[in-house]
Amino acid sequence: MRQPLILIATALLFQFCSKANKKNEEQKKEVVTEKTFEVKEFLITPKSIGFARLGETMADFKQAYKNCDLTTVPVWNYCVDGGGNGILVSRGKEKLLFVWTMQGNDSIHSITGLNKHFQTKEGLGPTTSVGQLIKHYPSLTLVNDMLCEGLEFFREPKTRIYFEFVSNDSTRIGRYTNEINISVPFDTIRRVDRIVISK
């Protein structure tokens, strides 16, 4: 009599454990799906930042960010030469992106990532320190932008992604003269302010 009861209890226990394992596997699959969405939303590539893509129409861009605040801002606010306006994307008080088109054209020419969550697949983005950049690019040199006062940048040679620093005389990372606008970094603590990709 004890043996059949032990067999029945073992069978029930086995069935319960199988269902629990199956449920755990389903929950793990759901978590992976959520993480994939988050990564895509904040991924920086040479052709896109988040859901904004170089060359896409403004209508498609606005549709992708329809749940965010879209504000018209002069391009000069982001050190773009020339007149015209771009669109600043915000979520509440948090700035996400700035995009602009060439005048007379409806496709996105340049995207600026402003949010700390945006990252390349190597984990680099706004708030990355100069020291972290140097670990990835040991021969890193900065350019002092002659057009936009206070702007220093590093351009990644393969991807052409720009890592920009908004500086002033007391926070400048490099040392420049009137004749020389390239420098090695002297401040490795400063952090990237924004990421820019362009056509």
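Values in this text are rule-based calculations from the coordinates and carry no lab data. These numbers come from a predicted model, not from an experiment. Every residue, glycine as well, gets a Cβ built from its backbone with ideal geometry; the counts of neighbours run over all protein chains shown.
Through the Karplus equation 6.51 cos²θ - 1.76 cosθ + 1.60, θ set to phi - 60°, convert the phi angles of region 161-177 into ³J(HN,Hα) values in whole Hz; use x for Gly and Pro.
With the stated coefficients, region 161-177 comes to 7, 9, 9, 10, 10, 8, 10, 9, 4, 8, 10, 4, 8, x, 10, 10, 10 Hz.
From zero up to wherever the largest Cα-Cα distance of region 62-110 sits, split into 10 Å bins and tell me the percent of pairs in each.
With 10 Å bins starting at 0, P(r) equals 27, 54, 18, 0.
Grab the beta carbon distance between Met102 and Glu179, set R0 = 25 Å, and tell me the FRET efficiency rounded to 0.05. Write down the numbers at each step before the final one.
On the way: r = 32 Å, r/R0 = 1.28.
That pair, Met102 with Glu179, gives E of 0.20.
Are any of the pairs Lys62/Lys95; Lys40/Lys66; Lys93/Lys199; Lys135/Lys199 more than 25 Å apart by Cα-Cα distance, and if so, which? Don't skip to the answer; put the middle values down first.
Details: Lys62/Lys95 15 Å; Lys40/Lys66 17 Å; Lys93/Lys199 29 Å; Lys135/Lys199 27 Å.
From the list (Lys62/Lys95; Lys40/Lys66; Lys93/Lys199; Lys135/Lys199), the Cα-Cα distance tops 25 Å for Lys93/Lys199; Lys135/Lys199.
How long are the semi-axes of the ellipsoid equivalent to region 78-199, from square roots of 5 times the Cα gyration tensor eigenvalues, in whole Å, largest first? List each step's numbers first, then the result.
Details: eigenvalues 114, 63, 38 Å².
Equivalent ellipsoid of region 78-199: 24, 18, 14 Å, largest first.
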